[in-house]
Amino acid sequence: MELNLKRPLAFFDLETTGINVAHDRIIEISVLKIHPNGQQEWFTERLNPGIPINPQASAVHGITEEDIKDCPSFREIGKNLAKFLEGCDLAGYNAIRFDIPLLAEEFLREGIEFDFRKRKYIDVQIIFHKKEQRTLSAAYNFYCNRELSNAHSAKADTEATYEILKAQLDRYDDLENDIDKLSGFSYHSRFADLAGRIIYNSKGQEIFNFGKHKGELVEKVLKNEPSYFAWMMEGDFPEYTKKVLTEIKLRAFTGG
């Protein structure tokens, strides 16, 4: 089933130096932009992250520091990437918990404006796990009846994710071919900060989703325990989480 799109949908996958959203960097990105008329565009780059690649990460994706030593940095390609993604909703496999937060960190680190709140997010992994409970390679085999060759290259994984979503729409009659509905189905909870440290409750209020204040209103915690804000701002949290936390604090202070 072809996708029912009102605006472009960008499938993307990252290969990275590791799995820490706050500190690791992108070493390969591949984006497949699907336009409403079905036209396809690709953006694929290998990058020099400027930091060492964790050997465990290299063992998965096979990219070494020698492979990317002469590649451009994210700073060099970031503005072109942001332009390529402008006006797109975003889709990926495990994208909501990893790829999207890590990409947001890279944009913030380089001061590149990109408003993630204007996007709808579709996570093929979450749809898959809610329906079948499998991995990406198994998902590709299950839905598309094909083996995923060259797994853990960003381009192969990105294209497979696109094919899986179309096959999911063919398989499940209750899965609507509508970006808003697919985006809603792609969440276990509604994230306020991309990484899931802060989520929305049923009333649309921000609450903490971790630690001793899990389930409590962020504004209330910041008011009653000001030191918690300082602890998070100085801690090992993604920059986007700190950005959202600061916005909530300023909103409470100004009454906005």
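Read-outs throughout are calculated quantities, based only on the coordinates presented, and are distinct from any laboratory measurement. Source: prediction; values computed, not measured. No Cβ is skipped: glycine too gets one built from the backbone with ideal geometry, and neighbour counts run over all protein chains shown.
Across region 45-193, Cα pairs under 8 Å and at least six residues apart give a relative contact order of 21 percent. The residues Y240, Y162, Y172, when put in order of fewest to most other Cβ atoms within 10 Å, stand as Y172, Y162, Y240. Excluding residues on the same chain fewer than 8 positions from K249, give the lysines whose Cα lies under 16 Å from its Cα. Counting by Cα, and skipping residues close in sequence, K249 has these lysines nearby: K220, K223.
How would you rank L108, L182, L250, L85, going from fewest to most other Cβ atoms within 10 Å of each one's own Cβ? Ordered by Cβ neighbours within 10 Å, fewest first: L250, L108, L85, L182.
Estimated from the Cβ-Cβ distance and a Förster radius of 45 angstrom, the FRET efficiency linking I112 and M1 is about 0.85. Return the subset of K6/K118; K83/K242; K181/K212 for which the Cα-Cα distance in this structure is over 23 Å, preserving the input order. Distance filter (> 23 Å) returns K83/K242; K181/K212. Under the classification rounded if a/c is under 1.5, otherwise prolate if a/b is larger than b/c and oblate if not, where does the chain fall, given a ≥ b ≥ c as square roots of the Cα gyration tensor eigenvalues? Judged from the Cα gyration tensor, the chain comes out oblate (a/c at least 1.5, b/c at or above a/b). Computed over the alpha carbons of region 44-85, Rg followed by Dmax gives 11.5, 32 Å. Cross-link partners for K33 among the aspartates and glutamates, with Cα-Cα distance under 15 Å and sequence neighbours closer than 8 places in the same chain left out: E2, D13, E41, E45, E86, D89, D157, E159, E163. In the chain, the longest principal axis of the Cα atoms and the axis of helix 74-85 are about 80 degrees apart.
Take the alpha-carbon centre of region 55-92, take the same for region 1-53, and report the distance between them in whole Å. Their Cα centres are 8 Å away from one another.
Note on region 9-185: antiparallel DSSP beta bridges, both residues inside, total approximately 70 percent of the bridges counted.
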